[in-house]
Structures are given as C-alpha cells and as structure tokens.
Amino acid sequence: MSEEKKSVVQVIIHSFFVVPFIIAIFGVLIFLMVRVLTLEPRTAHDYLEDVKIGGTTKRWQGAFELSKILANPKSVPTDDRFVNDLISTYKYSENERDNRIQIYLALAMGRTKDERYTNILEKSLINEDEEILCAATFSLGLIGNQNSLEKLLKLSDHSSSRVRHQLAVALGNFNYDGSRKILYELLNDLEPNVRWDAAISLAKQKDNKGRRIILDLMDRKYLDSFPNIDQIEQNQAMLTAIAVSKQILDNEIEEILTELMDNDINMKIRQAARNVLQ
C-alpha cells in the first residue's frame with residue numbers, strides 16, 4: 001500500500017472512529033461531573049421511604065443507612081410526622097422475615113436520643129429474637145429515659161450473655177442507685193465482656209467499684225490471655241479503658257498510664273494515656 005493510501009486510511013480511522021470515541025468519552029465525563037455536582041444528598045426521609053416501599057434488599061439497606069445518618073444530630077428530623085412514620089414502620093417490620101430491618105430501625109430510633117421512641121422500643125424487650133432484644137436494649141440506653149430503667153433491669157439475669165452485655169452498656173447512661181446495683185452484680189458475670197462493660201459503665205459514672213477490671217483492660221498481658229481478641233479489638237478495649245480511667249484516677253492508675261504513655265507499642269494508646277495525664 002502506498003504512503004498516500006495509508007494516510008487516507010489513517011484520516012478515515014481518526015475521523016470516523018477515534019475522534020467520535022474521544023468526544024463520547026468527554027461527553028460522558030461531563031455528564032457524570034454535572035450529575036455529581038447537582039445530586040442532592042439523601043436524607044433520613046429518603047432512607048425511611050426506602051424501608052417502606054423498597055424491595056427486600058433495599059429495605060434492610062435503607063434501615064441500615066437510616067441508622068447511620070441519624071447518628072449525626074444535625075440530620076435528625078424532629079417533626080411529629082417523621083417520628084410517627086418511623087414508629088409505624090418499626091411496628092410493621094415486626095412481620096418481616098429479615099430481622100435486620102427491625103434491628104437497624106431500633107438502632108436508628110436510639111441514635112436520635114428522642115424520648116418519643118421509648119414506648120415502642122420498650123415493647124421489644126420481650127422479643128424472643130436475641131438480636132432485636134439487644135438492639136432495643138442498646139437503643140433505650142442511648143435515649144436514657146428513666147422510665148425505661150425498671151424494664152431494663154429485668155434483663156440482668158437473662159440467659160443470653162449478649163443481652164446482659166448490652167444491658168451493661170446501656171446502664172452506663174443511667175446514673176441511679178438501682179442501675180448501679182445491677183452493674184455491681186454484673187461485675188461478677190461469667191462472661192468477660194459483661195464484666196468489662198459493667199466496669200466501664202461504672203467508671204463513666206465516677207464509680208470505682210470496677211477499678212480492678214479497668215486496670216486489667218489496660219494490661220496487654222491480660223488481654224493476650226483471650227485468644228479470640230485480635231490486635232484491633234485489644235487496642236480498642238485499651239483505648240476505652242484509658243478514656244474512662246480519667247473518671248476514677250488514682251496513683252496506681254496514673255502509674256499504669258505513664259507506663260503506657262512511654263512504652264506501649266501503639267501510638268494511639270500512648271497519646272490516649274498522655275491526654276488523660278495532662
């Protein structure tokens with residue numbers, strides 16, 4: 001093929017294939033950029049609507065996203081219409097086969113810290129589904145309505161350690177003699193997680209009855225004795241214990257914190273200890 005014919009072929013290829021393809025790519029990119037710039041962020045109302053009218057997968061995903069967005073106080077709708085809508089959707093979710101919908105809706109209500117959700121969550125404290133019961137317990141703890149305390153305390157001898165664990169966490173938000181009495185009992189629970197969070201909840205209330213447990217949670221050798229706890233979980237347990245130790249600070253705790261600040265292998269642990277000691 002002559003050079004002239006090759007040039008003609010190249011021109012045809014560029015004119016009819018390459019150039020239109022490049023133009024199409026730029027067109028798609030511009031469309032996507034405009035779409036991203038003009039797309040409004042989804043709201044709590046949008047996610048609740050997904051739960052109400054979406055398909056099976058979309059419903060639980062909508063409930064999950066709702067529980068996330070309501071963790072931000074600025075994104076929490078306070079109008080009666082939304083509150084009533086969420087409550088009625090939660091009631092309807094009791095008939096769902098997928099318990100994730102009800103679990104995430106319970107968490108969503110709890111994260112609002114709105115007492116108007118108290119009654120409906122209390123009704124779930126007799127639910128036989130352990131996961132739903134745990135979610136309702138945790139959420140009532142977030143709301144912290146004193147009227148829920150009596151019902152929550154009845155879970156202290158529940159057969160499930162997961163439920164007792166969530167109770168220990170929830171009671172950290174109730175600074176009353178009755179709740180502390182149960183937390184004292186949970187300090188001797190057979191399940192380590194229950195004991196640990198009972199001590200943490202008490203420390204949050206400046207009660208040092210679980211002091212020995214808080215010291216253990218700042219000890220890597222102690223945590224190493226639990227093979228099911230990985231490094232990330234170990235660090236998180238230590239960070240939590242360090243944070244609440246400020247409420248029950250004494251000479252021994254200060255010594256442990258100083259040791260962690262100077263020698264721990266994790267920089268976040270060192271900084272957390274330093275923050276408490278400052």
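The values are calculated or read from the model by the stated rules, or taken from the named source; none is laboratory data. None of the values given here were measured: they were computed from a predicted structure. We place every Cβ from the backbone using ideal geometry, glycine too, and count neighbours over all the protein chains shown.
So which residues in segment 64-74 are under 18 Å from A135 (Cα atoms) and either out of contact with any helix residue (DSSP H, G or I) (no Cβ under 7 Å at 6 or more places or on another chain) or at pLDDT below 95 (or both), if there are any at all?
Within segment 64-74, the subset under 18 Å from A135 (Cα atoms) is 64-71.
Result: K68, single match.
Determine which member of the set L186, L153, L171 is surrounded by fewer than 19 Cβ atoms within 10 Å (Cβ to Cβ), at pLDDT 95 or above, outside the structural domain of I101 (by TED's automatic domain parsing) and of a type outside the set (S, T, N, Q). I'd like the intermediate steps shown before the answer.
On the way: L186 fails: surrounded by fewer than 19 Cβ atoms within 10 Å (Cβ to Cβ); L171 fails: surrounded by fewer than 19 Cβ atoms within 10 Å (Cβ to Cβ).
Going through L186, L153, L171 in turn, the sole match is L153.
Taking interchain pairs and intrachain pairs at least six residues apart, which have beta carbon atoms under 9 angstrom, with the first residue in segment 82-95 and farther than 16 Å from L70 by Cα and the second not in a helix (DSSP H, G or I)?
Within 9 Å, the pairs are E94/N127.
Applying the selection to segment 220-249, what residues are touching a residue at least 12 places away in the same chain (Cβ under 8 Å) and either more than 19 Å from A199 (Cα to Cα) or not hydrophobic (A, V, I, L, M, F, W, C) (or both)? I'd like the intermediate steps shown before the answer.
We begin by selecting, within segment 220-249, every residue touching a residue at least 12 places away in the same chain (Cβ under 8 Å); these are 220, 223, 226, 234-235, 237-249.
Those that are touching a residue at least 12 places away in the same chain (Cβ under 8 Å) and either more than 19 Å from A199 (Cα to Cα) or not hydrophobic (A, V, I, L, M, F, W, C) (or both): R220, Q234, N235, T240, S245, K246, Q247.
Taking the condition in the same structural domain as D85 (by TED's automatic domain parsing) and in contact with an Asp or Glu (Cβ under 7 Å, 6 or more places away or on another chain), does N127 pass? Let's see the steps before the verdict.
Values: in the same structural domain as D85 (by TED's automatic domain parsing): yes; in contact with an Asp or Glu (Cβ under 7 Å, 6 or more places away or on another chain): no.
So N127 does not fit the description; no.
Can you spot a residue in segment 227-239 that is hydrophobic (A, V, I, L, M, F, W, C), out of contact with any Gly (no Cβ under 7 Å at 6 or more places or on another chain), in a loop (DSSP other than H, G, I, E, B) and at pLDDT below 95?
Looking only at segment 227-239, we keep the residues that are hydrophobic (A, V, I, L, M, F, W, C), and these are 229, 232, 237-239.
Applying the additional criterion that residues be out of contact with any Gly (no Cβ under 7 Å at 6 or more places or on another chain) yields 229, 232, 237-239.
Next, only the ones that are in a loop (DSSP other than H, G, I, E, B) stay: 229.
Remaining after also requiring at pLDDT below 95: 229.
Yes, segment 227-239 contains a residue that is hydrophobic (A, V, I, L, M, F, W, C), out of contact with any Gly (no Cβ under 7 Å at 6 or more places or on another chain), in a loop (DSSP other than H, G, I, E, B) and at pLDDT below 95.
Given the condition crowded, with 18+ Cβ neighbours inside 10 Å, of a type outside the set (G, A, S) and in a loop (DSSP other than H, G, I, E, B), answer yes or no: does some residue in segment 194-217 qualify?
yes
Looking only at segment 53-70, how many residues end up being surrounded by fewer than 17 Cβ atoms within 10 Å (Cβ to Cβ) and in contact with an Asp or Glu (Cβ under 8 Å, 6 or more places away or on another chain)?
Qualifying residue count, segment 53-70: 2.
Output the residue which, of all residues in segment 71-101 that are among the basic types (K, R) and closer than 13 Å to T56 by Cβ, is surrounded by the most Cβ atoms within 10 Å (Cβ to Cβ).
Selected residue: R100.
Hey, L155 hits all of (1) in contact with a Leu (Cβ under 7 Å, 6 or more places away or on another chain); (2) closer than 17 Å to A106 by Cα but one; which does it fall short on?
(2)
Since I253 meets every condition but one in (1) within 27 Å of H158 (Cβ to Cβ); (2) surrounded by 15 or more Cβ atoms within 10 Å (Cβ to Cβ), which condition does it not meet?
Here I253 meets the rest and fails (1).
Can you give me the number of residues within segment 263-278 that are assigned to a helix (DSSP H, G or I) and within 17 Å of K221 (Cβ to Cβ)? Talk me through it step by step, then tell me what you get.
Just the residues of segment 263-278 that are assigned to a helix (DSSP H, G or I), to begin with: 263, 267-277.
Now restrict to residues that are within 17 Å of K221 (Cβ to Cβ): 263, 269, 273.
Count: 3.
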